[in-house]
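Every read-out reported here was derived from the displayed coordinates using simple, explicitly stated rules and does not represent laboratory data. All of these numbers come straight from a predicted model, not from anything done at the bench. Virtual Cβ from ideal backbone geometry, glycine too; neighbours counted across all protein chains shown.
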2 protein chains.
Amino acid sequence: MTDRLGSVFIENVQPQLDAGRYAIKRIAGESLTVRADIFKEGHDVLVAIARWRQVTPAAQQTEWAEVPLTPRSNDAWEGVIPLAHNGRYEYTIEAWPDLFRTWAHELKRKVDAGRDVKSELLEGAALLEGAAARARDVSVEDARTLAEAGARLRTPPSPEHLLVALSPELADVASRHPDRGLASRYDPVLEVFADREKARNAAWYEFFPRSAKRDGKTHGTFKDAEGWLPYIQKLGFDTVYLPPIHPIGRTARKGRNNTLNAQPGDVGSPWAIGAKEGGHKAIHPELGTFTDFRAFVDAAQAHGIEVALDLAFQCAPDHPYVKDHPEWFQHRPDGTIKTAENPPKRYEDIVNFDWMGPARDALWKELKSVVLFWVDHGVRTFRVDNPHTKPMQFWHWLIREVQDLHPDVLFLSEAFTRPKVMKALAKVGFTQSYTYFTWRLFKDELRTYLEEITQPPVADYFRGNLWPNTPDILPENLQNAGPGAFRLRVALASTLSSVWGMYSGYELCEGRPVPGKEEYLDSEKYQLVAWDWDRPGNISDWIAKLNAARRQHPALQHYSALRFFTSDNERVLFYGKRTPDGTSTVLVAVSLDPYAPQEALLHVPMEWLGVKPEETYQVHELMADQRSLWQGPDVQVRLTPEQPAAVYAVYRFRRTEHAFDYFE
Amino acid sequence: MTDRLGSVFIENVQPQLDAGRYAIKRIAGESLTVRADIFKEGHDVLVAIARWRQVTPAAQQTEWAEVPLTPRSNDAWEGVIPLAHNGRYEYTIEAWPDLFRTWAHELKRKVDAGRDVKSELLEGAALLEGAAARARDVSVEDARTLAEAGARLRTPPSPEHLLVALSPELADVASRHPDRGLASRYDPVLEVFADREKARNAAWYEFFPRSAKRDGKTHGTFKDAEGWLPYIQKLGFDTVYLPPIHPIGRTARKGRNNTLNAQPGDVGSPWAIGAKEGGHKAIHPELGTFTDFRAFVDAAQAHGIEVALDLAFQCAPDHPYVKDHPEWFQHRPDGTIKTAENPPKRYEDIVNFDWMGPARDALWKELKSVVLFWVDHGVRTFRVDNPHTKPMQFWHWLIREVQDLHPDVLFLSEAFTRPKVMKALAKVGFTQSYTYFTWRLFKDELRTYLEEITQPPVADYFRGNLWPNTPDILPENLQNAGPGAFRLRVALASTLSSVWGMYSGYELCEGRPVPGKEEYLDSEKYQLVAWDWDRPGNISDWIAKLNAARRQHPALQHYSALRFFTSDNERVLFYGKRTPDGTSTVLVAVSLDPYAPQEALLHVPMEWLGVKPEETYQVHELMADQRSLWQGPDVQVRLTPEQPAAVYAVYRFRRTEHAFDYFE
């Protein structure tokens, strides 16, 4: 920075998050389009570039590189930074006046006006000689070109001299060696984190491996869970998420249906982590050994499935930490350790860390080592339990520390809380976030909410992972509901967002609640469950078709591609997605009515499709596997509880040299 | 700042400008409403305050003060900072968890659930004792109250103890002595500049004092100009702006109509500043002496009029600076000083400073002394000539330096250039700005542009001063136009913005152009002009009525109060203004057609007026001085070239104890 800082104004740099306090998110292998307003008083010709470098992981750190920005209308400039690899990048913008081009531009206007430009040519010579001096160490050829051109301008002027002075080629050479001492640089340096693709494109399936025996009586093992994988693969999921797999506390263990006094044989909540067998770095003995776990991870991978673990930073009273590190926990004045509570609710089987207490540094370091421990055991995705009850700055620190070493590690924030707190967790680093989708049932509220979270500025840092159910939440709309409700909610979740998930049993339309609550009766959180995959009324085929559509049509793999369109029926939602390169286009109509058929007139967005009103185009409806030829914007659709969604892949016809062909 | 920084999130602090890089603007005597999103993980009760202090002028600097913020919905908080005095203020936001209230809140829920709270009471005692310790140096009484309450909680609990612990009075006392070590403070500190009221509410009249003899032949003096003041007062203006009053260069002086060879007796352009008689700190001898100038300023003040001077930082080749400080100017390679140019245009009578050259510091200091010189001679308002051709950082520095000493000094930016450059000048400190109003003629473009500049975020730093004409600009719509065009444009300027101005001759409907250009024929910039105030067809009465309406109706004095409403005729613009306290309301309908009568159905905004649909209300149309009773939203209006604007002061009837009364 020189004292000329600010001679060029660089404003409104986009994207950025909270004045650069947090990183925005993108996907590795894609690119980052940066925009800024760049200007200066007067009429100087400006040059602007984006500077960028990869900073993590350390092994992939690069030098600063530069890409040109191009002026658009009204002093707005734009350029593209490539994000080839998974990791953290820095970027900023620099701009300076192009003295030689400015001079040449004015010279031309003077020559056109017939003015004597003798003195101007000497100014040009000085500019070229300055550029030649700067070029010397970089390009001998450029230096010679510039020096010779400068010398020619010092001889008495002639029409030929003017042609040389005004040639675009000479300006290009001179601009390659600018006086960067005149540059303004945008402050602060901004950050972007390039995640691997699964950060944005994944279908999660949650199940309890202890139920993998599927008889509701015998404790399942990782080996049994391997037997679950072909079924999950058939459903089309690519991520399985396991609730905590650690030893479960015995003190104050919860019984079936969250009762306070566990009976002998009750398995307890896996979120009550830690017993004499170990804590967050141990495996519940009944699930198997580390060898078994690794075998399960490998088997999953062989089925194209990644294993995600739960990260629940809390302890059962029996957790070894409690005895070994009492200083990590909150104590009452009488010296006892506080159990978790949210009055009047108490969680007697759980004690909380003293996050900001005097032993904070050691505690945080230990918890980081927990994450790295499981990373070493082949896990790259974590679903984080209740992050909104722990300090935001802990997550900011933890996620950065882990991703600095392992940029491929993903964190899903399981926060169902106030909107700004959910967003803040995404800002401090969570890769994906649970959402309010679970409670958004009708057209306006779905559209408003999905537009909010899938479009910038929120989509620059927040990726909504849509879940119709979780082990904690059986929403009212799925309680004792027929398969129509389950079909429509899963169709919405899997096509509105590029990342979605469901908890096992959903495909069987399991919907028995604790009366008056949004909780499962006989919840798997407290007992083994006998899952019958072939239970009558199951919607496994429907789910498999949706996941297949997602795999085959890249449009559905893009998070911010979502656009809503018009249907004339309030109970039919109509939307679409299109890849940025336009090679994949999908339209989706979903009935929001689980009880009765609904008809709607859809208004197909011809301009967005790039289809002319008189043009015939083909759609392939993927749920019923039916192709049609459409023309014009008006399409009538009938949706039923049995078939509540239509997912149309759209193809335009293309005339090739020899025949008609179509392409997406 | 402690290492707990960030335990409370403070986001989205409003208003602020470019992450606090520049000050926002308000008016002294009013207040600043600040808003922020404030939250923390978990369920702590939070306290938030705005911290503020006046920092300039030095004599009025204050200590940091605090005002409470109040929570609104969705984690948004709001508070009001008083800006009693003219000057610069700093403000920021601080928030912390209220540990005692959090404790009391949870205690109540536990008590309600029938839980044993013995241990909790001990925690409460510790919190009270901590507060008592902090209170000791501040309030002996509070310290005693807190210590006693703490002690009571340590004795065996009783229902009475619980009542004490949960009393709102105790919480109030404890909250007065919080542990601020837990506080988060927003970074950066933001700035607001509180201008005196004329920054936002003024009517400018520009005239050349050298034409004050009004015969077109004899050079006028300040004494003659005093004779112009009663007329200007009658027109209702409160600011007169004089083009540069300094000695005019003789070298390359421009002749009449901007010709290159001045004839003997040609007076030259006053913007070619400087001759052997002096430069920016001298007065053109033919205008008079410093005594005469001061007498003129005083006479103006006696007429309720403030004198504004032109600040044109450029020199005629004869300016003493050129000889005394050649290092302040740009030179050609042959050693001559560069004259100003914008190819193919040349300004041979002007040379430019080398703003960023090696002598920059001395040059800037000298130019600052020019401003302070005229401040010492009673001038507090400057119209700055072509600021967009000088470095933005110079203005940022100059305006701040001057206003640190004299916060009442106002700067009007005379920049007609690209939109972002005009806004940047306002950001770096200009009090008011010229606008594109001059070229906005039709309904949509007027509405879009005025909404942009009169509403936040632009209105937080940009105040558009609307001019239908200037000595440099006779827009096409006023060329050879009838009085209808002049009437309608002045009605728009004076009611759309709270600050407007016009150049003399407008009231006489002077509209003879240089053919094909937006310039005046026989421009006063290069010659004396014989102004006949009683010229037939003049619209002085019309202008006087508009300015009188502005004085009598505070709604018209508020810049951001503007709202547009519906008229069913594209050629009739309908809008209104209302003071923030609702005590003054004005509606305005203006025909945009200077050629023919226009009728329109106006849709009066009943809800905005606060009038019920069935209620009768009174309007006083100020241009024709006619009162009517209206009811409901539909009003038919007929506007003509003779009477192209209707300005309605709106009154509601109010029932008093004894009779009907009305109030604004």
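Figures for the structure shown
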read-out: Under 15 Å from B:LYS40, Cα to Cα: aspartates and glutamates that are on another chain or at least 8 residues apart; value: B:GLU11, B:ASP75, B:GLU94, B:ASP98
read-out: Contact order normalised by residue count of chain B, Cα under 8 Å, 6+ apart, percent; value: 11
read-out: Expected-Rg normalisation [2.2 N^0.38 Å, Cα atoms] applied to the stretch B:143-289; value: 2.40
read-out: Kirkwood-based shape ratio for chain B, expressed as Rg/Rh from alpha carbons; value: 1.08
read-out: 0 to 90° range, to nearest 10: angle between helix A:140-154 axis and chain A longest Cα axis; value: 40
read-out: Computed magnitude of the charge dipole of the protein assembly as shown (debye, nearest 20; Cβ of K, R +1, Cβ of D, E -1); value: 300
read-out: For the stretch B:403-408, 3J(HN,Hα) per residue [Karplus equation, 6.51 cos²θ - 1.76 cosθ + 1.60, θ = phi - 60°, Hz, x = Gly/Pro]; value: 6, 4, 8, 10, x, 8
read-out: Rounded to 5, percent antiparallel among DSSP beta bridges of chain A; value: 75
read-out: Note, ³J(HN,Hα) from phi for the stretch A:226-243, Karplus 6.51, -1.76, 1.60, rounded to Hz, x at Gly and Pro; value: 4, x, 7, 5, x, 5, 5, 4, 5, 5, x, 7, 10, 9, 10, 10, 9, x
read-out: Cut-off under 5 Å, modelled amide H: who pairs with B:LEU410 long-range; value: B:THR381, B:PHE382
read-out: Loop-resident sites, the stretch A:1-100, for chymotrypsin sites (Phe, Trp or Tyr not before Pro), counting at most 14 other Cβ within 10 Å (DSSP); value: A:TRP64
read-out: ³J(HN,Hα), Karplus 6.51/-1.76/1.60, whole Hz, each residue of the stretch B:194-202, x for Gly, Pro; value: 9, 7, 5, 4, 5, 4, 10, 10, 7
read-out: Cα centre as origin, Lys/Arg/Asp/Glu Cβ charges: the stretch B:561-642 dipole, Debye; value: 220
read-out: Amide H contacts under 5 Å for B:THR56, placed H, 5+ residues apart; value: B:ARG88
read-out: Dipole magnitude of chain A about its Cα centre (Cβ charges: Lys, Arg +1; Asp, Glu -1), debye to nearest 20; value: 780
read-out: Hydrodynamic radius (Kirkwood) for the stretch B:237-395, which is based on Cα pairs only, to one decimal in Å; value: 16.6
read-out: Inter-chain shielding of B:37-44 (mean C-beta neighbours from other protein chains, 10 Å cut-off); value: 6
read-out: Cβ-based charge dipole, the protein assembly as shown, positive-most Cα from A:ALA589, B:CYS509, B:PHE430; value: B:PHE430
read-out: Average beta-carbon neighbours from other chains, 10 Å sphere, peptide A:386-396; value: 3
read-out: Cα centroid separation, the stretch B:468-524 to the stretch A:442-502 (Å); value: 60
read-out: Listed residue (B:ALA481, B:HIS284, B:PRO613) projecting farthest to the positive dipole end of chain B, Cβ model; value: B:HIS284
read-out: Descending semi-axes in whole angstrom, ellipsoid equivalent of the protein assembly as shown, from the Cα gyration tensor; value: 65, 39, 35
read-out: Listed pairs A:LYS420/A:LYS443; A:LYS423/A:LYS545; B:LYS423/B:LYS577; A:LYS323/B:LYS108; A:LYS254/A:LYS323; B:LYS338/B:LYS368 exceeding 28 Å between Cα atoms; value: A:LYS423/A:LYS545; A:LYS323/B:LYS108
read-out: Helix-only mean residue ellipticity at 222 nm for chain B, each DSSP H run of n ≥ 4 adding -39500 (n - 2.57), per residue, nearest 500; value: -8000 deg cm²/dmol
read-out: Separation between Cα centres of the stretch B:545-616 and the stretch A:289-338, rounded to whole Å; value: 67
read-out: Cα-based helix-to-principal-axis angle, A:443-454 vs chain A, degrees rounded to 10; value: 60
read-out: Mean projection area, nm², convex hull over Cα of the stretch A:43-128; value: 7.7
read-out: Average other protein chain Cβ within 10 Å of Cβ, residues A:71-78; value: 1
read-out: Selection from A:ALA143, A:ALA36, A:ALA104, by position along the positive dipole direction of chain A (Cβ); value: A:ALA36
read-out: Antiparallel DSSP beta bridges within the protein assembly as shown, percent to nearest 5; value: 75
read-out: Under 15 Å, Cβ to Cβ, from B:ALA491 - net charge with Lys/Arg +1 and Asp/Glu -1; value: +3
read-out: B:ARG463 long-range amide H proximity, modeled H, under 5 Å; value: B:SER433
